[in-house]
1. When you count, for each residue, the other Cβ atoms within 10 Å and take the mean per peptide, how do A:86-97, A:3-14 rank with the highest first?
2. To the nearest 0.05, how large is the calculated FRET efficiency for B:Arg86 and B:Asp128 if R₀ is 25 Å and r is the Cβ-Cβ distance?
3. Just to confirm, what accessible area per residue do you get for chain A at 1.4 Å probe, in whole Å²?
4. Using per-residue counts of other Cβ atoms within 10 Å, averaged over each peptide, order B:96-104, B:40-48 from highest down.
5. Summing both sides, how much accessible area is buried between A and B? Use a 1.4 Å probe and give Å² to the nearest 100.
6. Rounded to the nearest 0.05, what FRET efficiency is calculated for A:Glu63 and B:Lys30 with R0 set to 30 Å and r the Cβ-Cβ distance?
7. Can you return the aspartates and glutamates within cross-link range of B:Lys48? Criterion is Cα-Cα under 12 Å, with same-chain partners fewer than 8 residues away left out.
8. Over 20 Å between Cα atoms: which of A:Lys40/B:Lys27; A:Lys13/B:Lys106; B:Lys26/B:Lys73; B:Lys38/B:Lys106 fall into that group?
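The values are calculated or read from the model by the stated rules, or taken from the named source; none is laboratory data. Worth saying up front: this structure is predicted, and the values here are computed from it rather than measured. Methodologically, a virtual Cβ is constructed for each residue, glycine included, from the backbone with ideal geometry; neighbour enumeration extends over all protein chains shown. Quick note on the areas: whole protein, heavy atoms, side chains included, nothing else; ligands and nucleic acids left out. Shrake-Rupley method; radii C 1.70, N 1.55, O 1.52, S 1.80 Å.
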Amino acid sequence: MIMTTVEAVPDKKIVAHFGIVTGSTVRSKHFGRDIFAGLKNIIGGELKGYTELMEETRDEATERMVAQATKLGANAIIGVRYATSDVAPGAAEVFAYGTAVKVE
Amino acid sequence: MEAVVQLIVFAILLIIGFFFGSNREKKHFKSILERQKKYAHIATRTDKIRDVSPYTEAMLVSGSVVIASDYFKNFLASIKNIFGGRLNSYESLMDRGRRESMIRMKEAAIKWGADEILEVRIESSALDAIGIEMLAYGTAVKRRK
């Protein structure tokens, strides 16, 4: 699956559009990653555990979007965008969307 | 007695926050500057691309970081919050987080062998009571040789 944020795929011609595909995941932020976060809030800096958690969450949302596109018979997704939002205290949603297309 | 202990703990946290926090921030900014120079040859663009003919291959790349402020700055900000106005300490936090995420995106692009990154989008979201997440993503492309 080729993914781009651009509205085209280099070196390939788009032959079919399948419309919007989406993928989202809601993950709890307090899942064993909080042990050092308290300490880090004193000295500041990067919270590696949370960086990884958010990356995993984003990968999962992307995978779901890709699965939807595959089901439609697409082999590329163009104009991909991500959005993150706080759903409730302790939970974050990562949302991925784009346009599924078929390229030659 | 209890109040005194609490006050001492508070003071210690402030001091730790001040020294470790500003030290780490200085180091971080130094490493950001170094890496920004190192990866300066990768052009990043945010504009809409209509013509992709100069490129041969594309891949989605992203970089992210979750970053938190230190105890001292949080305390400073909470006091400033009463009077309103600019919160300089948070400005530098946002700045370093954003630049770090851009660098990580570039690193991912270089690993893949990219020449440019097109239509870059930068986003931030507050993870409540934890910190701020910065995300940069775009389309890494290889130029036609």
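1. Values: A:86-97: 16.7, A:3-14: 19.5.
Highest to lowest by the protection proxy: A:3-14, A:86-97.
2. Working: r = 23 Å, r/R0 = 0.90.
Efficiency, from the Cβ-Cβ distance: 0.65.
3. Working: 4990 Å² over 104 residues.
Using a 1.4 Å probe on heavy atoms only, each residue of chain A averages 48 Å².
4. On the way: B:96-104: 21.4, B:40-48: 11.8.
Taking the mean over residues of other Cβ atoms within 10 Å, the ranking is B:96-104, B:40-48.
5. On the way: alone 6620 and 9680 Å², together 13080 Å².
Summing both sides, the interface buries roughly 3200 Å².
6. Values: r = 37 Å, r/R0 = 1.23.
It comes to 0.25.
7. A:Glu7, B:Glu119
8. Working: A:Lys40/B:Lys27 16 Å; A:Lys13/B:Lys106 27 Å; B:Lys26/B:Lys73 14 Å; B:Lys38/B:Lys106 10 Å.
Going by Cα-Cα distance, A:Lys13/B:Lys106 fall outside the 20 Å limit.
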